[in-house]
Amino acid sequence: MTFSCGSVMTRSVWSYNLELEFELIRSIIALYPFISMDTEFPGVIFQSHPGFQHPQNNYAVMKANIDGMHLIQVGLTFSDSHDNLPTFGTSNRFIWEFNFCEFDVTRHAHAPDSITLLRSQGMDFDKNRKYGVSIWIAFHSAYDFGYMLKILSQRFFYMQPYLPPNLGDFLQLVKFFFGYRVYDVKHLIRFCPNLHGSLDRVSESLGLDNNARKSHHAGSDSLVTLHVFNKIKTLYFHT
């Protein structure tokens, strides 16, 4: 199933078309090696104390949230060095949105305001439960990478569904699975004058047109993240 986003089509991935979509991704990954990622999850239920902002303390809060909750969506955008997306020989460009089945809104921990927001953006939790991908067997920024590592460490290392106890081990897993060229746009904008705030706000400040975007959907958010990254790379880092 695909959803139109201007000339960009979101390929929605479920349990019944998972293998087909992986085949498509494998066929283009060598030509589009730049990968932008976004996740949707049930909000934040544990908050950090303003007086304890040490990296290890921040990691402990993130770990508590991720260990206690379930992933809802992962969005992936693949591009080449010129910001081109896969077309598969059509007039459209394609991004991916993986939907997972683990989260049950009736019994799993979540932040109610986050669930309300996701529902207002069209998220169908019942459909995810019925047709979503099982993250335990199917799927080869801090919370985004945290949820991805929770999946990957179980799949490949047969670990329990919890993050490592300390930040150092977490960063080693990030390097193991994703390599050394990992960029967090939220961190990069700290070095960009007049850029701050949410992804939407940064995108607007850069003059990017996101009128066709489906906000708070992992697929379209991953595409906006890619566009923001490429824009600030050109404007502020001259590469």
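The values are calculated or read from the model by the stated rules, or taken from the named source; none is laboratory data. Everything numeric in this text was worked out from a predicted model, so none of it was measured. A quick note on method: Cβ atoms are made from the backbone with ideal geometry, for glycine too, and the neighbour counts reach across all protein chains shown.
Of all residues in the range 5-26, which are among the basic types (Lys, Arg) and surrounded by fewer than 17 Cβ atoms within 10 Å (Cβ to Cβ)? Spell out how you get there, then give the answer.
Within the range 5-26, the subset among the basic types (Lys, Arg) is 11, 26.
Scanning the range 5-26 gives a single hit, Arg26.
Quick one: would you say Tyr16 is among the hydroxyl-bearing types (Ser, Thr, Tyr), under 24 Å from Arg119 (Cβ atoms) and assigned to a loop (DSSP other than H, G, I, E, B)? Outline the logic, then answer.
On the way: among the hydroxyl-bearing types (Ser, Thr, Tyr): yes; under 24 Å from Arg119 (Cβ atoms): yes; assigned to a loop (DSSP other than H, G, I, E, B): yes.
When the stated conditions are applied, Tyr16 passes them.
Kindly indicate whether Pro33 is over 23 Å from Leu117 (Cβ atoms) and not aromatic (Phe, Trp, Tyr). Show your work before the answer.
Numbers: over 23 Å from Leu117 (Cβ atoms): yes; not aromatic (Phe, Trp, Tyr): yes.
Yes; evaluated as a whole, the condition is true for this residue.
Please specify each residue of the range 7-27 satisfying the condition of being farther than 25 Å from Lys127 by Cα and at pLDDT below 90. Give the steps one after another, and end with the answer.
First, the residues of the range 7-27 that are farther than 25 Å from Lys127 by Cα: 7, 26-27.
Hits for the range 7-27 are Ser7, Arg26.
Here are the criteria: (1) modelled with pLDDT under 85; (2) part of a helix (DSSP H, G or I); (3) hydroxyl-bearing (Ser, Thr, Tyr). Tell me which single one Tyr162 does not satisfy.
Tallying (1) modelled with pLDDT under 85; (2) part of a helix (DSSP H, G or I); (3) hydroxyl-bearing (Ser, Thr, Tyr), Tyr162 fails exactly one: (2).
Mind listing whichever residues of the range 175-200 are exposed (fewer than 12 other Cβ atoms within 10 Å of the Cβ) and either in contact with a Leu (Cβ under 9 Å, 6 or more places away or on another chain) or on the phi < 0 side of the Ramachandran plot (or both)?
Lys175, Tyr180, Arg181, His187, Arg190, Phe191, Pro193, Ser198
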